[in-house]
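Report on one structure; see the data block that follows.
The values are calculated or read from the model by the stated rules, or taken from the named source; none is laboratory data. The structure displayed is predicted, hence computed values, not measured ones. Methodologically, a virtual Cβ is constructed for each residue, glycine included, from the backbone with ideal geometry; neighbour enumeration extends over all protein chains shown.
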Amino acid sequence: MNEIEFRSEQFKSICAVQTKNLDPDAVITGMRQEDGNYYVLSRYGDNVWTLPDNLFSAGIRDNQKKLNFALVPQPFRETLRACTGHYILSGIEGRNSPRGGTIQQFFVKAASFLTWLNGHRIANLNSVTPLIGQQYVEFCKELSGRKGKPLSSTALCNRLGAVETLYILSQKTGDPMRHPWPESSASHLAGLTGPDNSHLREGKTEIIPDHILGPLFQSAVDWLDRADEIISLSAQVDRWKSEGKRYEFISLSLKKLGWALNEIRSGEQHLQEACMSIILITSGIRVSELCSLENRCAYKTLDEQGEPFYWMRGVSYKTGTGVCEWLVAEITHRALEVAESLARPLQAQLQQRIFDMRAENENDPEISRLAGHTHRLFLTVSKKQFNRFGTLSNHSIIDRLNMFAAQCKLTWRFAPHQFRRTFAVYAAHSAFGDLRYLRDHFKHWSIDMTVLYAMSRKQDAELYDSVALAALSIKTDLLEHWLEPDAILTGGAADPIRAFRTKNEALVTKVDRAEMAKTISPLVHLRATGVAWCTADTGGCNGGQGVEKTRCADCGNAVIDESRKSVWQGIYAQQLELRDLADIGPGGAERVERDIKRCEVVLDELGANCSN
């Protein structure tokens with residue numbers, strides 16, 4: 001049916017649900033085909049409803065797009081069918097239209113609640129009282145999560161929130177439910193409200209530590225350096241197969257080159273995983289956004305001085321932003337190019353599959369589904385599902401990344417959001433001189449990217465908000481440490497800080513040093529030069545960078561604390577080695593002596609022993 005007919009059928013379904021005049025043949029969901037017509041995926045009377053791909057991000061498995069009413073207890077099946085139909089077609093007034101994941105989560109959590117009711121011999125929603133609602137809350141609080149621990153506050157809120165949604169939707173059915181907890185809410189019952197629980201709203205995702213991220217990134221780069229050899233050998237194997245060469249010939253030919261056939265296949269897999277790792281580490285995108293990447297998603301722009309900026313284009317699903325752009329590193333472009341080269345053979349197979357299907361039946365609805373994957377960088381084909389093509393799922397990518405970490409001899413288990421949160425924290429650290437590779441990644445000394453990102457409206461604003469929050473947190477912790485009475489500080493700006501923290505009257509207006517730090521941190525400009533903390537609000541001195549790393553020792557804007565001690569000890573050791581050189585000339589010798597004296601002053605004030 002064409003779009004007008006399809007929308008008309010859906011409108012009839014909305015009216016049927018609202019008037020309780022239900023029709024088993026009413027259209028619930030459909031999929032738009034390449035010619036603009038619609039193919040019906042689900043009708044009201046179907047036992048299994050299929051949600052369309054456009055309601056989901058690129059990395060969602062097909063089985064997560066199904067709603068199976070056979071799993072719902074018989075007494076509640078038609079009520080939940082009516083509620084879900086209304087939710088899909090009309091949503092809830094005052095809320096955004098639900099995405100596929102929201103609908104699927106509601107269905108699963110509501111079905112769990114209805115199964116619990118059925119087990120307690122409750123046969124209709126109208127019989128649910130606040131007492132029963134409270135009993136369900138206590139039941140959920142006793143449930144265990146995947147790791148055997150009690151449900152997190154967020155997981156508990158999701159379960160109870162589905163019951164609240166069911167209460168709202170049931171008012172449109174013949175079996176309306178009373179509010180399960182009229183004097184409370186899902187958030188409050190889950191412990192997510194109140195001043196004492198503000199910490200629960202902070203990000204809990206664990207940061208990937210340096211000793212894991214460093215080896216992972218280095219291994220990924222090493223695999224990237226081998227990309228040309230692996231891709232070339234794989235192409236040669238495919239040519240031999242197309243020419244009808246026997247397995248023995250291919251195996252012997254590869255052996256002469258120092259390779260085995262299984263090594264090439266595993267090499268391609270690790271190479272793809274290396275590309276995933278580099279893209280996630282250097283961009284901060286979500287795994288679902290990684291799944292959305294397609295051919296030619298990388299591009300470059302130049303500033304007025306001809307300095308290149310590297311960009312990547314994809315789709316952001318969570319906030320409904322749609323097409324989105326991210327500032328990335330040059331190595332990210334290398335990873336994208338390699339990923340595209342690896343994907344081409346599978347893309348060609350997929351295009352051939354579509355061509356063959358069109359020849360058999362040009363109206364086959366599967367063609368439209370496959371067409372959405374033809375340019376994706378991270379494709380897969382399932383042997384278990386009769387060579388079914390699709391984009392790698394979020395879960396598959398995380399599994400693959402854990403496999404890649406294992407070949408790096410790392411025991412860390414990655415979670416979907418860890419790369420994004422790690423990027424935010426590391427990017428914030430880069431403004432303070434602690435992050436090694438992101439200093440060049442951002443191309444400028446400050447984390448303030450407002451002007452740069454004003455160049456385009458298609459930015460991932462949520463990511464930059466996360467970076468800003470992480471930067472503020474780091475600055476607050478640093479200032480709180482400086483305000484401690486016994487914190488050792490040196491540098492030109494250390495004396496005013498020491499004087500400030502001895503004035504007790506300035507501190508009585510705040511509860512503690514942490515509160516003081518939170519108050520003044522937005523007012524204090526702070527960045528790092530790598531060897532010190534700089535309080536100047538203008539850049540350009542180049543202190544701590546280039547060839548004069550000791551300049552900060554004499555600067556009135558510098559603060560040096562214990563965290564920089566090892567850096568100064570390293571510089572001091574290098575200068576002592578330079579002192580013994582006989583070919584650096586009088587100017588060089590004079591400069592070495594100056595830098596040695598600077599290091600000795602700093603290290604002496606930090607309590608480190610200097611021995612010539």
Restricting segment 133-153 to residues that are in a helix (DSSP H, G or I) and surrounded by fewer than 16 Cβ atoms within 10 Å (Cβ to Cβ), the one nearest to the chain's Cα centre (by Cα) turns out to be Lys141
Just one listed residue, out of Ile264, Ile354, Ile278, Ile285, is in contact with a Cys (Cβ under 9 Å, 6 or more places away or on another chain) and surrounded by 17 or more Cβ atoms within 10 Å (Cβ to Cβ), and it is Ile285
So Asp62 clears everything in (1) free of Cβ contacts under 8 Å to residues at least 40 places away in the same chain; (2) surrounded by fewer than 20 Cβ atoms within 10 Å (Cβ to Cβ); (3) closer than 24 Å to Ile285 by Cβ except one condition, right? Which one? (1)
Is there a residue being farther than 23 Å from Ile354 by Cβ, at pLDDT 90 or above and in a strand (DSSP E or B) anywhere in segment 30-38? no
Looking at segment 263-306 only, could you name the residues that are touching a residue at least 60 places away in the same chain (Cβ under 8 Å), of a type in the set (Ser, Thr, Tyr) and touching a strand residue (DSSP E or B) at 6+ places or on another chain (Cβ under 7 Å)? Thr282, Ser283, Ser292, Thr301
Got a number for residues in segment 565-592 being within 24 Å of Ala494 (Cβ to Cβ) and touching a helix residue (DSSP H, G or I) at 6+ places or on another chain (Cβ under 8 Å)? 6
Looking only at segment 75-108, which residues are within 17 Å of Lys65 (Cα to Cα) and of a type in the set (S, T, N, Q)? Thr84, Ser97, Thr102, Gln104, Gln105
If I go through segment 210-234 residue by residue, how many of them are of a type outside the set (S, T, N, Q) and in contact (Cβ under 8 Å) with a residue 60 or more places away in the chain? 10
Here is a check on your reading of the model: is Leu117 out of contact with any Phe, Trp or Tyr (no Cβ under 6 Å at 6 or more places or on another chain), assigned to a helix (DSSP H, G or I) and farther than 17 Å from Ser184 by Cβ? yes
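Residue-by-condition table, conditions (1) assigned by TED's automatic domain parsing to the domain that holds Ala558; (2) over 21 Å from the mean Cα position of the chain (by Cα); (3) modelled with pLDDT of 80 or more:
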| site | (1), (2), (3) |
| --- | --- |
| Arg388 | no, yes, yes |
| Thr391 | no, no, yes |
| Arg421 | no, no, yes |
| Ala427 | no, no, no |
| Arg439 | no, no, no |
| His444 | no, yes, no |
| Met455 | no, yes, no |
| Lys458 | no, no, no |
| Ala461 | no, no, no |
Criterion: assigned by TED's automatic domain parsing to the domain that holds Met276, surrounded by 13 or more Cβ atoms within 10 Å (Cβ to Cβ) and either more than 26 Å from Arg81 (Cα to Cα) or not aliphatic (A, V, I, L, M) (or both) - qualifying residue of Pro180, Pro215: Pro215
If you go through segment 570-598, how many residues are of a type outside the set (Gly, Ala, Ser) and under 14 Å from Val531 (Cβ atoms)? 6
Tell me the residue from Gly191, Gly174 that is in contact with a helix residue (DSSP H, G or I) (Cβ under 9 Å, 6 or more places away or on another chain) and surrounded by 15 or more Cβ atoms within 10 Å (Cβ to Cβ), please. Gly191
Are any residues in segment 305-320 under 16 Å from the mean Cα position of the chain (by Cα) and either of a type in the set (A, V, I, L, M) or under 18 Å from Leu280 (Cβ atoms) (or both), and if so, which ones? Met312, Arg313, Gly314, Val315, Ser316, Tyr317, Lys318
When you check Gly101 against the structure, is it under 22 Å from Thr50 (Cβ atoms), within 23 Å of the chain's Cα centre (by Cα) and not aliphatic (A, V, I, L, M), yes or no? yes
Go over the candidates Ile92, Ile103 one by one and state the one that is part of a helix (DSSP H, G or I) and out of contact with any Gly (no Cβ under 8 Å at 6 or more places or on another chain). Ile103
Within segment 370-386, does at least one residue satisfy the condition of being in contact with a strand residue (DSSP E or B) (Cβ under 7 Å, 6 or more places away or on another chain) and part of a helix (DSSP H, G or I)? yes
Looking at (1) within 14 Å of the chain's Cα centre (by Cα); (2) closer than 22 Å to Gly214 by Cα, which is the only condition Ala339 fails? (1)
Is segment 534-543 home to any residue that is in contact with a Leu (Cβ under 8 Å, 6 or more places away or on another chain) and at pLDDT below 80? yes
Being surrounded by 18 or more Cβ atoms within 10 Å (Cβ to Cβ) and farther than 29 Å from Gly390 by Cα narrows it down to one residue among Phe76, Phe56; which is it? Phe76
